[in-house]
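Undergrad: First the structure, which I've put down as structure tokens, then a few questions once you've had a look.
Every read-out reported here was derived from the displayed coordinates using simple, explicitly stated rules and does not represent laboratory data. No experiment lies behind these values; they were computed from the predicted model shown. Because the Cβ atoms are built from the backbone with ideal geometry, glycine has one as well, and the counts that use them run over all protein chains shown.
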Amino acid sequence: MSSIFTKIINREIPAVIVYEDDLCISFRDIDPKAPQHILLVPKKEIKSLAEATENDAPLLGHLLIKAGEIARDQGFSDSGYRVVINTNKEGGQAVYHIHLHILGGRQMEWPPG
Ligand code: AMP
């Protein structure tokens, strides 16, 4: 069964898309936890970081570079931001299609909740 993010990739459900290329799509989180909350999702359905393999290294590298570009393009790179990959239950993962959260627009705290 395809994930809710694959439905966004396939334009079966709407999203506010901020970036897309052959490998990934990026769109605004429907329930933002910061003034800027953007998700970046590979088109390949990897369930979680726990299931990624060495073969996925180029794709995961691509995502990190794109996360930086998206933060710059959206204007919150200089002020700062956080990139998060929630993984499995105790990591707080709800959607089992690996994704990066790009969070910005306010002071982040440490340690995270
Ligand atoms: P995670 O808890 O790391 O799996 O994060 C899943 C994220 O997906 C949450 O922040 C949700 O608000 C977000 N989300 C779920 N459904 C949608 C949707 N249809 N469009 C945009 N964001 C979504």
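Undergrad: Please work out if I98 is among the aliphatic types (A, V, I, L, M), out of contact with any strand residue (DSSP E or B) (no Cβ under 6 Å at 6 or more places or on another chain) and touching a residue at least 40 places away in the same chain (Cβ under 8 Å).
TA: Taking the combined requirement at face value, the residue satisfies it.
Undergrad: One residue is enough: does the stretch 73-91 have a residue meeting the conditions away from the ligand (no atom under 15 Å from the Cβ) and part of a helix (DSSP H, G or I)?
TA: yes
Undergrad: Also, quick follow-up: Which residue pairs have Cβ atoms under 6 Å apart, sit 6 or more places apart or on different chains, and have a first residue in the stretch 68-85 that is more than 11 Å from L40 (Cα to Cα) and a second that is more than 16 Å from the ligand (Cβ to nearest atom) and not in a loop (DSSP other than H, G, I, E, B)?
TA: S77/A71; Y81/A71
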